[in-house]
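The values are calculated or read from the model by the stated rules, or taken from the named source; none is laboratory data. Note that the structure is predicted; figures quoted are calculated from it, not measured. Note that we place each Cβ from the backbone using ideal geometry, even for glycine, and neighbour counts take in every protein chain shown. Only protein heavy atoms, including side chains, enter the accessible area calculation; ligands, DNA and RNA are left aside. Shrake-Rupley method; radii C 1.70, N 1.55, O 1.52, S 1.80 Å.
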Amino acid sequence: MARRAYSPKEVLAKKYKILPWGPEWSVPFGEVPENETWFISGSSSSGKSSFVMQLAKELCKYGTVLYQSYEEGVGMSFQKRIKQEKMNEVQGRFRTVVGDSYDEFVERLRRPKSAKFVIVDSFQESHFTYEEVEELIKRFPRKGFIFISQEHKGLPSGRAAGRLKYKAGIKIRVSGYKAYCQGRFTTNPETCFTIWEEGILRTSNDI
């Protein structure tokens, strides 16, 4: 059976819930639908993990956040970022899970009042296939999924990660403690989100 074709009027009539964040976030990333798919990549020690935690804290203002910590678990480095970003301030809206299988992950998201925003860190360590990610997005269309990706030589590590980057509406690359948006919603591609000012100064050899 052929899929439905939409008229311009029907497309324009569609309504989307936009993240109501302030200029610190809206200038570099734009007006982002709450249920958009994110893809965040960056090399090791670039500030990527700190950015993800800062993003998680911001998203807690708009709904509950589930952080699937496949790569680090809840080890010392993860604990340090929890403390650094003062995640205790969003105690009731932020939860971390370690090591769910795909089926366990789906079952968790099916529960009543499950998280509105879901972070998968990292896509590679989750061992999800690209097809499984597609199924997640289709099955839970009201949720915002944020996938974190490892890199190899400046590119997402693995073919599946490359495909996922193209699918995501928000594509962010972190470099030198700055987050640059390469997605569909930004109107200021030359701007960036500052993750850690002192880190930028250090990597710029200004101090």
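Scanning the range 188-206 for residues that are at pLDDT below 85 and of a type in the set (S, T, N, Q) returns Asn188, Thr191, Thr203, Ser204, Asn205. Selection within the range 38-54: residues that are assigned to a helix (DSSP H, G or I) and within 15 Å of Ser122 (Cα to Cα). The member of this set that is nearest to the chain's Cα centre (by Cα) is Val52.
For Leu66, state whether it is outside any helix (DSSP H, G or I), closer than 25 Å to Lys178 by Cα, in contact (Cβ under 8 Å) with a residue 40 or more places away in the chain and open to solvent by less than 40 Å² (accessible area, probe 1.4 Å). Yes; evaluated as a whole, the condition is true for this residue. For Val98, indicate whether it is surrounded by 16 or more Cβ atoms within 10 Å (Cβ to Cβ) and aliphatic (A, V, I, L, M). Answer is no for this residue. Tell me, yes or no, whether the range 180-187 has at least one residue that is among the β-branched types (Val, Ile, Thr), open to solvent by 80 Å² or more (accessible area, probe 1.4 Å) and either modelled with pLDDT under 95 or not in a helix (DSSP H, G or I) (or both). Yes, the range 180-187 has at least one match. Are any of the residues in the range 131-145 out of contact with any Leu (no Cβ under 7 Å at 6 or more places or on another chain), touching a residue at least 40 places away in the same chain (Cβ under 8 Å), among the aliphatic types (A, V, I, L, M) and at negative phi? Scanning the range 131-145 turns up at least one residue that is out of contact with any Leu (no Cβ under 7 Å at 6 or more places or on another chain), touching a residue at least 40 places away in the same chain (Cβ under 8 Å), among the aliphatic types (A, V, I, L, M) and at negative phi.
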